[in-house]
Amino acid sequence: MDIRFQQAPSSDWRANTVIVFGFKDEQLLDHIPALADAVPWITITPARHDFRGEKNQVVVMYGHPDIPLPRCIAVGLGERAKFTLETLRHAVATAMQKCRELKVDTCAVPLEVFKDMEPKDTVLVEETVLAMLLSLYTYDELKTTQDEPAHSPRWAALLSTEENFPDAIHAAARRGEAAAIGVMATRNLVNGPANIVTPSHLVETAEAMGRKYGFAVRAINGPDLAAMGMGAFESVFKGAEEQAKLLVMEYAPKGTEKDAPIVFVGKGVTFDTGGISLKPSASMHEMKCDMAGAGAVIGLFEALGNSDIQRRVVGIAPCTENMPDGRATRPGDVVKTLSGKTVEVINTDAEGRLILCDALTWAQQEYSPAALIDLATLTGACVVALGTEVAAVFATDETLSKQIQDTGVRVGDKFWPMPLWDMFFEPLKSEVADMMNVGGREGGAINAALFLKQFINEGVRWAHLDIAGPAYKSKKSPLAVPGGTGFAVRTMLEIVRNGISE
Ligand code: BES
Ligand code: ZN
Ligand code: ZN
């Protein structure tokens, strides 16, 4: 669906359906006088009286089919005092589902609907465009016998009566679109099955983006990683036939090349069987989602490619399968990490921390990050602790942690802080090596974070995001069909846009 702009006297607005939003116990038309000009029939249609503005209430109103704006979908926002951006995103999603159901050909939102709302209209436009695109997302590239593909309107327009369509609104709409494109790129990668989305596929996807948008992409292959000393990463990819890769992307617009970059590191386990510590089979198919961290970092770069952000960003993704095999790592094996520290691999299913520790060490050797942020579907324990809506943030830096939480709340990614106290390293102490890769079951998400912390140099501003819960959902939500959600893409994008807080 294209996003368009119409700037004309309201009598010249054209679309098959106009979408409006209204608060509870308020007159729908009070805040949008131009709408009554554009669609005079709306002032007399009896259906208007059905609209009470309750949250996500939908009323469809019809004028004569031959007039330029023959249909109006009104969606309720609930009480004005309780309005949040999440309310708006859900209302937009509700409107788009109605458009899908009614097979609406073209739709439009008058900018006037945002006039008397808080926050300002640019923010609301950005969220509206994003929610329109995300709520129509489906993953059906692999279906060949669908009766009917899901319908989407051909375009959605923003309607303005101003002489010049405000530049700030244009830019806001493009920001929403860029973010949605990034989120959808991540969803496609997470939803793609592991026989298609291999480490090589992740690299090829990133390379295609690099060519399209003009940023640098490279990849280091498994044998070279082993030769470089990444013994922990190697211990995971040893059992896999698929070639492991360390994917490295660098976005550095002119003039920023020498800046300290923000570095994101995403876990890219394209399938996690557990290795020799094999997982039970019941939900194993869902472990195609174990590359959602890498997928989010790649999605971020897709969004950056569609933006005019002037900041240096590096994206790193250790990518491999975790497979049982004659060459696979045995529980009890001791491996040497790139940092020189040794790890006793007690459980080969705790593989994420093994690939991440080497990637994090390498990131600090190669770059001097302004901030180092890793994202990983790291532990089931985190899902037990926080559920499927919320990710954990562990950080060596309060300001960074707070920035991630605050940004996340605004864009719809919920993060909650967890401790990085040293006492959580106790259960990881090994008799034969510097540490084990697992502690007990208790505090599992925190133990994993403490494991990673052993590889972070003093003074580095580091945050670890355990996204195992919200990265992949088996139930549908207003903005997402079941499957990959694209969680954290928007948070990263906004952090890059605003820069790391001092
Ligand atoms: N990829 C899993 C974690 C996971 C669980 C992601 C559920 C998404 C949904 C990870 O590699 C893993 O298997 N972790 C183990 C660690 C344990 C062996 C210490 C876990 O959480 O059970
Ligand atoms: Zn695992
Ligand atoms: Zn895993």
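The values are calculated or read from the model by the stated rules, or taken from the named source; none is laboratory data. None of the values given here were measured: they were computed from a predicted structure. Neighbour counts are summed over all protein chains in view; Cβ atoms, including those assigned to glycine, are modelled from backbone coordinates with ideal geometry.
Evaluating Ala180 against the criteria (1) within 22 Å of Gly483 (Cβ to Cβ); (2) more than 16 Å from ligand 2 (Cβ to nearest atom); (3) surrounded by fewer than 24 Cβ atoms within 10 Å (Cβ to Cβ) leaves one unmet condition, (3). Residues being at pLDDT 95 or above and more than 17 Å from Asp2 (Cα to Cα) are represented in the range 177-187 by at least one member.
Matching residues to (1) over 22 Å from Asp167 (Cα atoms); (2) over 21 Å from the mean Cα position of the chain (by Cα); (3) β-branched (Val, Ile, Thr):
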| position | (1), (2), (3) |
| --- | --- |
| Val60 | yes, yes, yes |
| Gly63 | yes, yes, no |
| Pro70 | yes, yes, no |
| Leu77 | yes, yes, no |
| Thr87 | yes, no, yes |
| Lys103 | yes, yes, no |
| Val123 | no, no, yes |
| Tyr137 | yes, no, no |
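Rundown of residues vs (1) exposed (fewer than 15 other Cβ atoms within 10 Å of the Cβ); (2) assigned by TED's automatic domain parsing to the domain that holds Ala91; (3) assigned to a loop (DSSP other than H, G, I, E, B), yes/no style:
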site: Gln6; (1), (2), (3): no, yes, no
site: Ser11; (1), (2), (3): yes, yes, no
site: Val20; (1), (2), (3): no, yes, no
site: Asp25; (1), (2), (3): yes, yes, yes
site: Leu28; (1), (2), (3): no, yes, yes
site: Leu35; (1), (2), (3): no, yes, no
site: Arg48; (1), (2), (3): no, yes, no
site: Gly53; (1), (2), (3): no, yes, yes
site: Asn56; (1), (2), (3): no, yes, yes
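For the range 283-338, the set of residues classified as of a type in the set (Ser, Thr, Tyr), away from ligand 1 (no atom under 15 Å from the Cβ) and more than 22 Å from Ile456 (Cα to Cα) consists of Ser307 only. Yes or no: Val314 within 18 Å of the chain's Cα centre (by Cα), surrounded by fewer than 24 Cβ atoms within 10 Å (Cβ to Cβ), assigned by TED's automatic domain parsing to the domain that holds Pro427 and within 16 Å of ligand 2 (Cβ to nearest atom)? Here the answer is no, as Val314 does not meet what is asked. The lone criterion from (1) crowded, with 19+ Cβ neighbours inside 10 Å; (2) aliphatic (A, V, I, L, M); (3) under 24 Å from Val313 (Cα atoms) left unmet by Ala232 is number (3).
Going through Ile495, Ile467, Ile446 one at a time, which residue ends up being over 30 Å from Ala91 (Cα atoms) and either modelled with pLDDT of 95 or more or not assigned by TED's automatic domain parsing to the domain that holds Gly293 (or both)?
Working: Ile495 fails: over 30 Å from Ala91 (Cα atoms); Ile467 fails: over 30 Å from Ala91 (Cα atoms).
Result: Ile446 is the single residue among Ile495, Ile467, Ile446 that is over 30 Å from Ala91 (Cα atoms) and either modelled with pLDDT of 95 or more or not assigned by TED's automatic domain parsing to the domain that holds Gly293 (or both).
Within the range 481-502, residues that are farther than 30 Å from Ala150 by Cα have Cβ atoms under 8 Å from residues that are part of a loop (DSSP other than H, G, I, E, B) and of a type in the set (Ser, Thr, Tyr) in these pairs: Arg497/Ser307, counting only partners at least 6 apart in sequence or on another chain. I want to confirm something. Restricting to the range 425-439 and keeping residues that are part of a loop (DSSP other than H, G, I, E, B) and either within 16 Å of ligand 2 (Cβ to nearest atom) or not assigned by TED's automatic domain parsing to the domain that holds Arg353 (or both), which single residue is farthest from Leu354 (Cα to Cα)? The extreme case among them is Gly439. If you check Ala194 against the conditions, is it in contact (Cβ under 8 Å) with a residue 12 or more places away in the chain, within 16 Å of ligand 2 (Cβ to nearest atom), in a loop (DSSP other than H, G, I, E, B) and touching a Phe, Trp or Tyr at 6+ places or on another chain (Cβ under 7 Å)? Yes.
What is the number of the single condition among (1) more than 13 Å from ligand 2 (Cβ to nearest atom); (2) of a type outside the set (A, V, I, L, M); (3) under 28 Å from Val263 (Cβ atoms) that Thr348 does not meet? For Thr348, the failing item is (1).
Each row is one residue, and each column tells you yes or no for (1) out of contact with any helix residue (DSSP H, G or I) (no Cβ under 8 Å at 6 or more places or on another chain); (2) crowded, with 20+ Cβ neighbours inside 10 Å; (3) in a loop (DSSP other than H, G, I, E, B); (4) not polar (S, T, N, Q).
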| site | (1), (2), (3), (4) |
| --- | --- |
| Thr388 | yes, no, yes, no |
| Phe394 | no, yes, no, yes |
| Ser401 | yes, no, no, no |
| Arg441 | no, no, yes, yes |
| Ala448 | no, yes, no, yes |
| Phe451 | no, yes, no, yes |
| Leu465 | no, yes, no, yes |
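Looking only at the range 253-266, decide whether some residue is within 10 Å of ligand 1 (Cβ to nearest atom) and either at pLDDT 95 or above or farther than 22 Å from Val345 by Cα (or both). Checked against the condition, which is being within 10 Å of ligand 1 (Cβ to nearest atom) and either at pLDDT 95 or above or farther than 22 Å from Val345 by Cα (or both), the range 253-266 yields no hits at all.
Checked against (1) part of a loop (DSSP other than H, G, I, E, B); (2) under 27 Å from Arg441 (Cβ atoms); (3) more than 16 Å from ligand 2 (Cβ to nearest atom), Pro324 passes all but a single condition, namely (3).
For beta carbons closer than 8 Å, sequence separation of 6+ or different chains, a first residue in the range 278-291 that is among the acidic types (Asp, Glu) and a second that is assigned to a helix (DSSP H, G or I) and within 8 Å of ligand 1 (Cβ to nearest atom), the qualifying pairs are Asp290/Gly352.
From the set of residues in the range 410-451 that are over 28 Å from the mean Cα position of the chain (by Cα) and basic (Lys, Arg), which is farthest from ligand 1 (Cβ to nearest atom)? Looking at residues that are over 28 Å from the mean Cα position of the chain (by Cα) and basic (Lys, Arg), I get Lys429. Of the set (1) part of a helix (DSSP H, G or I); (2) under 25 Å from the mean Cα position of the chain (by Cα), all apply to Gln365 but (2). Whenever a residue of the range 368-381 is within 24 Å of Glu351 (Cα to Cα) and at pLDDT 95 or above, its partners that are within 12 Å of ligand 1 (Cβ to nearest atom) and basic (Lys, Arg), lying with C-beta atoms within less than 6 angstrom and at least six residues away or across chains, give the pairs Ala376/Lys267.
Looking only at residues in the range 270-287 that are under 17 Å from Arg327 (Cβ atoms) and more than 10 Å from ligand 3 (Cβ to nearest atom), which one is surrounded by the fewest Cβ atoms within 10 Å (Cβ to Cβ)? Per the criteria, the residue is Leu278.
Applying a threshold of 7 Å to beta carbon distances and a minimum spacing of six or more residues, or different chains, the list of pairs starting in the range 325-352 at a residue that is touching a residue at least 24 places away in the same chain (Cβ under 8 Å) and within 15 Å of ligand 3 (Cβ to nearest atom) and ending at one that is among the basic types (Lys, Arg) and assigned to a loop (DSSP other than H, G, I, E, B) reads Ala328/Lys238; Thr329/Lys238; Asp349/Lys279; Gly352/Lys267.
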